[in-house]
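First the structure, in the form of structure tokens, and then the observations on it.
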Amino acid sequence: MVVDDGVLERINQNLPNDIRVLGIKRTTQSFNAKNHCEARTYNFVLPSYLFAPKDAYKPNLASSAAAPPSDSSTTSTPTTTEASSSTTTTSSSDGGAPFRLSIEQQQKLRELLSQYVGTKNYHNFTAKMDPKDPASYRRIMSFDFSGPFEYEGLEFIELEIKGQSFMLHQIRKMTGLIVGILRFGVEPAAEVIRGSFTTNHLNLPKVPGHGLILRQCHFPNYQQRFPEHPDVHFLDVQEKAVEFKKEYIHSYIMKTEKEQNLSWAWVTEKFDPFEATYRETFQKAIEFSNQPLPVQKRRDEASQKVYD
């Protein structure tokens with residue numbers, strides 16, 4: 001492929017606005033984006049009320065766009081804050097001011113997210129995984145969040161997690177466990193998370209995944225091995241990438257959440273009705289937390305790639 005100054009413009013002219021090529025980098029012939037990737041960063045945009053106590057938030061769904069439309073006036077798509085009257089109205093449980101995650105609640109969330117950092121056994125965070133399988137061990141390098149920020153009266157936060165590799169549903173279950181702890185006020189919270197890393201089997205909640213996106217792949221060893229080649233992390237277009245994410249990806253996720261109430265539907269239909277069951281699960285995790293955590297056996301890098 002011949003890369004000239006106008007190639008990006010010509011490519012993007014043939015793509016829809018919500019698909020963009022921001023940069024092109026020349027690599028070695030042996031470069032493989034999957035096999036050379038040593039870490040991945042995911043973002044997860046979620047309404048902040050998921051991380052608050054159960055009685056802290058209740059939406060007014062009387063005029064929600066998620067309800068069956070009865071005439072043309074209910075099917076219009078809101079594009080500005082002024083149009084939000086045709087979608088869900090957000091408020092605290094007492095019907096007062098719009099719900100906002102407090103500083104204390106944000107601090108509690110940040111403390112719980114940090115419990116995942118390190119190499120742990122995540123057999124409970126995917127489907128049908130044997131705790132003795134070496135692939136059940138995953139390394140989390142960082143887990144934090146940004147925000148809160150608001151979209152048409154509904155508050156959101158963006159989780160950001162960086163890990164060596166992830167299994168099916170792992171991030172959704174990691175988040176679901178924290179949602180359960182905070183929503184049901186389970187204590188001691190840190191012991192619930194620790195207990196989930198033991199060899200005992202636990203059925204953990206899984207939050208909806210419509211706000212989860214792969215943000216970036218990391219290739220540090222490749223970059224160090226071939227310093228003469230261009231940086232494949234595209235640091236020179238990060239600002240454009242962030243702008244694109246906010247304009248097209250974030251806006252779509254938040255607009256969909258606002259109109260369809262996907263997270264609230266999950267809470268009311270698939271989570272709260274099973275509160276007693278999940279409380280029992282979390283109590284078992286607390287009891288298991290006193291057990292020694294399984295130790296990862298040494299294995300070479302190639303064996304890790306098999307399970308990615």
Which members of the stretch 22-52 meet the condition of being modelled with pLDDT of 95 or more and open to solvent by 40 Å² or more (accessible area, probe 1.4 Å)?
Tyr42
So how many residues does the stretch 169-192 have that are more than 11 Å from the chain's Cα centre (by Cα) and not in a loop (DSSP other than H, G, I, E, B)?
12
Which number in (1) small (Gly, Ala, Ser); (2) within 29 Å of Ala265 (Cα to Cα); (3) touching a residue at least 24 places away in the same chain (Cβ under 8 Å); (4) in a strand (DSSP E or B) marks the one condition that Gly195 misses?
(4)
Selection from the stretch 240-274 of residues that are open to solvent by 70 Å² or more (accessible area, probe 1.4 Å), closer than 23 Å to Arg20 by Cβ and either touching a strand residue (DSSP E or B) at 6+ places or on another chain (Cβ under 6 Å) or in contact (Cβ under 8 Å) with a residue 60 or more places away in the chain (or both):
Lys240, Tyr248, Tyr252
Hits in the stretch 169-203 - residues which are farther than 23 Å from Val295 by Cβ and either in contact with a strand residue (DSSP E or B) (Cβ under 9 Å, 6 or more places away or on another chain) or surrounded by 18 or more Cβ atoms within 10 Å (Cβ to Cβ) (or both)
Ile171, Arg172, Thr175, Gly176, Ile178, Val179, Gly180, Ile181, Leu182, Arg183, Val186, Ala189
Looking for something open to solvent by less than 20 Å² (accessible area, probe 1.4 Å), acidic (Asp, Glu) and assigned to a loop (DSSP other than H, G, I, E, B) - is there at least one such residue anywhere in the stretch 155-168?
no
Contact list, first residue from the stretch 164-176 and within 10 Å of Arg138 (Cβ to Cβ), second anywhere and open to solvent by 30 Å² or more (accessible area, probe 1.4 Å) and not in a helix (DSSP H, G or I), beta-carbon distance below 6 Å, six or more apart or interchain, is Gln164/Arg139; Ser165/Asp308
Exactly one condition in (1) surrounded by 13 or more Cβ atoms within 10 Å (Cβ to Cβ); (2) on the phi < 0 side of the Ramachandran plot; (3) not hydroxyl-bearing (Ser, Thr, Tyr) is not met by Phe234; state its number.
(2)
Return yes or no: is Thr89 open to solvent by 80 Å² or more (accessible area, probe 1.4 Å), among the polar types (S, T, N, Q) and modelled with pLDDT under 55?
no
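Residue-by-condition table, conditions (1) farther than 13 Å from Arg26 by Cα; (2) at pLDDT 90 or above; (3) assigned to a loop (DSSP other than H, G, I, E, B):
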residue: Gly209; (1), (2), (3): yes, yes, yes
residue: Ile213; (1), (2), (3): yes, yes, no
residue: Val232; (1), (2), (3): no, no, yes
residue: Lys240; (1), (2), (3): yes, yes, no
residue: Lys246; (1), (2), (3): yes, yes, no
Residues in the stretch 133-168 that are within 20 Å of Cys37 (Cβ to Cβ) and either among the hydrophobic types (A, V, I, L, M, F, W, C) or out of contact with any strand residue (DSSP E or B) (no Cβ under 9 Å at 6 or more places or on another chain) (or both): how many?
9
Residue check for Ala127: modelled with pLDDT under 95 and at negative phi:
yes
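Suppose the filter is modelled with pLDDT of 95 or more, of a type in the set (A, V, I, L, M), exposed (fewer than 15 other Cβ atoms within 10 Å of the Cβ) and under 26 Å from the mean Cα position of the chain (by Cα); does Ala285 pass it?
The answer is no for Ala285.
The values are calculated or read from the model by the stated rules, or taken from the named source; none is laboratory data. Not measured: the values here are computed from a predicted model. Methodologically, a virtual Cβ is constructed for each residue, glycine included, from the backbone with ideal geometry; neighbour enumeration extends over all protein chains shown. Surface accessibility is based on the protein's heavy atoms, side chains included, excluding ligands, DNA and RNA. Shrake-Rupley method; radii C 1.70, N 1.55, O 1.52, S 1.80 Å.
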